[in-house]
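**Q** This is the structure I have questions about; it appears just below.
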Amino acid sequence: MNRHAEYDAIVVGGGPSGSTCARFLTAAGWRVAIVDRAAFPRVKLCAGWLSEPVWEALGMSPDDYPAGLWPWERCHVAYGGTRHTARVRGYFIRRYEFDDFLLRESGADLLTDRGVKRAVRHDDGTWVLDDALRAPYVIGAGGTHCPIARAIAERRPKPPVGVQEREFLAGAAEVADTRVGEDGEPELLIHDDLRGYSWNVPKSDWLNVGSGTVSAREVRAAWQRARGYFEREGHLPPSAAEELERVQGHSYYLFHPHHLQSCHKGGALLVGDALGLAHPITAEGIYPGILSARIAADALRRGEPERYRERLEAHPAIANFEVVFHAREWGARLASRGGGRRADTAQPQRGGRASSGVSRIGRAALAHGFAHLFAGGVLPGAKLARHVAKAAARAVPVESDSQAPPPASRSAG
Ligand SMILES: Cc1cc2nc3c(=O)[nH]c(=O)nc-3n(C[C@H](O)[C@H](O)[C@H](O)COP(=O)(O)OP(=O)(O)OC[C@H]3O[C@@H](n4cnc5c(N)ncnc54)[C@H](O)[C@@H]3O)c2cc1C
């Protein structure tokens with residue numbers, strides 16, 4: 001008797017990427033298992049913001065979503081001491097509910113509270129996980145430290161970004177008293193040194209507050225400064241102080257064209273954070289995770305897993321990520337040529353130039369541009385920029401990455 005439970009595909013990780021991939025496979029009649037080390041519903045550190053294109057990638061409408069949903073049509077962005085309000089739209093959810101919903105909708109066998117330790121590809125081309133589950137295909141959707149990514153992913157050229165946050169019950173009246181805008185409208189604070197941003201998001205009686213920085217080493221100090229800013233401005237209820245001592249951290253990889261080399265290898269496909277797909281500026285990760293999962297499932301359904309990378313790269317959203325990535329790199333190079341002076345993040349300045357040396361008009365443009373990207377907007381001129389981006393991507397230097405998961409422990413055969 002076979003000692004392995006047999007599936008058509010096994011998905012490692014039941015976050016939005018894993019559940020979506022499984023849902024599109026089971027809809028085509030595939031027998032799929034999702035294995036997740038957590039018992040659901042589970043806490044996932046995340047602000048829970050969704051840009052509009054998420055729904056199309058999910059193949060759902062916001063009306064299909066039965067749990068807490070906070071649509072917003074204005075985004076409040078503070079930068080260099082001035083606050084700007086942009087008319088852009090999006091949604092907030094609570095990951096505790098959203099991930100559980102998607103997991104239950106997946107139609108897969110749910111093997112939760114069960115971490116995958118070992119993934120081995122056998123000579124017959126099948127994957128065996130922990131000597132218990134076997135399938136011809138395995139989908140690595142286990143986030144930053146996904147064991148399938150450890151088995152097949154190339155070394156990442158840049159270190160991951162660092163994020164600290166807390167979501168907690170604060171009471172509807174207290175939350176409402178401290179709001180910049182309406183319920184569900186995000187308040188964002190762009191750090192003066194442009195190396196990250198912080199957020200303060202009301203979800204009725206819940207608050208979600210946190211900071212992210214391009215280097216994980218900078219996040220704690222940036223969070224302290226951002227917290228000071230929100231408190232000075234009266235945008236946090238005094239009762240939140242104790243909860244805010246309990247912020248937790250996580251790190252994940254922003255999109256880099258180099259990551260796409262690891263899309264597929266020998267029947268293993270990586271999606272979402274396991275591949276490293278978050279937006280190069282806003283760090284939005286749910287949408288690219290869901291999108292990549294759907295494209296991976298589509299490639300598998302067509303019997304063309306080797307074409308997953310090509311299809312992902314060809315998608316307009318991912319093509320735009322590539323453009324944004326290179327725009328960010330050029331911007332960073334220009335800034336360092338201009339002296340690269342680091343500003344005291346989140347110190348309010350009144351009028352004139354911010355400490356980062358950006359003019360008043362420049363600050364407004366930056367704040368509105370950021371809100372546009374935050375709502376899932378794209379940079380113009382994508383077609384031309386993409387040609388340039390492709391040429392630049394061919395010469396990507398590999399930087400040291402001390403905080404990344406170990407490169408390719410290669411249990412894959
Ligand atoms: C503080 C913070 C705030 C963020 N805010 C936003 C936001 O507002 N909007 C947005 O779009 N993005 C946000 N992101 C990014 C977003 O959370 C991720 O990009 C997104 O969760 C990726 O989804 P995923 O399904 O690929 O991975 P995950 O959601 O990380 O899911 C991975 C799953 O794999 C499981 N797993 C891990 N290892 C194993 C193992 N060995 N065996 C079995 N299971 C395993 C985990 O338990 C987890 O359930 C934020 C990230 C952080 C850290």
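**Q** Can you tell me which residues in the stretch 260-279 are more than 10 Å from the ligand (Cβ to nearest atom) and either among the small types (Gly, Ala, Ser) or open to solvent by less than 10 Å² (accessible area, probe 1.4 Å) (or both)?
**A** Leu260, Ser262, Cys263, Gly266, Gly267, Ala268, Leu269
**Q** Something else about it: For Gly303, state whether it is open to solvent by 40 Å² or more (accessible area, probe 1.4 Å) and either modelled with pLDDT of 95 or more or among the aliphatic types (A, V, I, L, M) (or both).
**A** The answer is yes for Gly303.
**Q** Please state which one of Val54, Val11 is buried (at least 18 other Cβ atoms within 10 Å of the Cβ), over 29 Å from Ser211 (Cα atoms) and under 20 Å from the mean Cα position of the chain (by Cα).
**A** Val11
**Q** I would also like to ask the following. Using the structure shown, decide if Ile34 is buried (at least 22 other Cβ atoms within 10 Å of the Cβ), closer than 17 Å to Glu187 by Cα, near the ligand (Cβ under 10 Å from one of its atoms) and of a type in the set (Val, Ile, Thr).
**A** Spelling it out, it is not the case that Ile34 is buried (at least 22 other Cβ atoms within 10 Å of the Cβ), closer than 17 Å to Glu187 by Cα, near the ligand (Cβ under 10 Å from one of its atoms) and of a type in the set (Val, Ile, Thr).
**Q** Another question, then. Collect the residues in the stretch 280-299 that are in contact (Cβ under 8 Å) with a residue 40 or more places away in the chain, open to solvent by less than 10 Å² (accessible area, probe 1.4 Å) and away from the ligand (no atom under 12 Å from the Cβ), keeping them in residue-number order.
**A** Pro280, Ala297
**Q** Can you tell me which of Arg156, Arg134 is farther than 30 Å from His76 by Cβ, among the basic types (Lys, Arg) and more than 17 Å from the chain's Cα centre (by Cα)?
**A** Checking each option against the conditions leaves just Arg134.
**Q** State which residue pairs qualify: first residue away from the ligand (no atom under 16 Å from the Cβ) and inside the stretch 13-30, second residue among the aromatic types (Phe, Trp, Tyr) in any location, beta carbons under 8 Å apart, and separation of 6 or more residues or different chains.
**A** none
**Q** May I pose another question? Within the stretch 122-146, how many residues turn out to be closer than 18 Å to Ala38 by Cα, touching a strand residue (DSSP E or B) at 6+ places or on another chain (Cβ under 6 Å) and open to solvent by 20 Å² or more (accessible area, probe 1.4 Å)?
**A** 1
**Q** List the number of the failed condition for Gly107; all other conditions in (1) at negative phi; (2) away from the ligand (no atom under 16 Å from the Cβ) hold.
**A** Gly107 satisfies every listed condition except (1).
**Q** Considering only residues that are in contact with a strand residue (DSSP E or B) (Cβ under 6 Å, 6 or more places away or on another chain) and either modelled with pLDDT under 95 or near the ligand (Cβ under 10 Å from one of its atoms) (or both), which ones fall in the stretch 110-121?
**A** Leu111, Arg114, Val116, Ala119
**Q** Determine, yes or no, whether Gly162 is assigned to a loop (DSSP other than H, G, I, E, B) and open to solvent by less than 30 Å² (accessible area, probe 1.4 Å).
**A** Judged against the criteria, Gly162 is not a match.
**Q** Restricting attention to the stretch 71-88, does a residue exist that is within 30 Å of Ala364 (Cβ to Cβ), in contact (Cβ under 8 Å) with a residue 60 or more places away in the chain and within 13 Å of the ligand (Cβ to nearest atom)?
**A** Scanning the stretch 71-88, I find at least one residue that is within 30 Å of Ala364 (Cβ to Cβ), in contact (Cβ under 8 Å) with a residue 60 or more places away in the chain and within 13 Å of the ligand (Cβ to nearest atom), so the answer is yes.
**Q** In the stretch 1-36, which residues are of a type in the set (S, T, N, Q) and within 19 Å of Asp273 (Cβ to Cβ)?
**A** Ser17, Ser19, Thr20
**Q** Shifting gears a bit: Taking Arg246 as the residue in question, decide whether it is open to solvent by 40 Å² or more (accessible area, probe 1.4 Å), more than 14 Å from Val161 (Cα to Cα) and in a loop (DSSP other than H, G, I, E, B).
**A** yes
**Q** So which residues in the stretch 39-51 are assigned to a loop (DSSP other than H, G, I, E, B) and either more than 6 Å from the ligand (Cβ to nearest atom) or surrounded by fewer than 17 Cβ atoms within 10 Å (Cβ to Cβ) (or both), if there are any at all?
**A** Listed by number, the residues that qualify are Ala39, Phe40, Pro41, Arg42, Val43.
The values are calculated or read from the model by the stated rules, or taken from the named source; none is laboratory data. None of the values given here were measured: they were computed from a predicted structure. With ideal geometry, Cβ positions are generated from the backbone for all residues, glycine too; neighbour counts draw on all protein chains shown. SASA here: full protein model, heavy atoms, side chains in, ligands and nucleic acids out. Shrake-Rupley method; radii C 1.70, N 1.55, O 1.52, S 1.80 Å.
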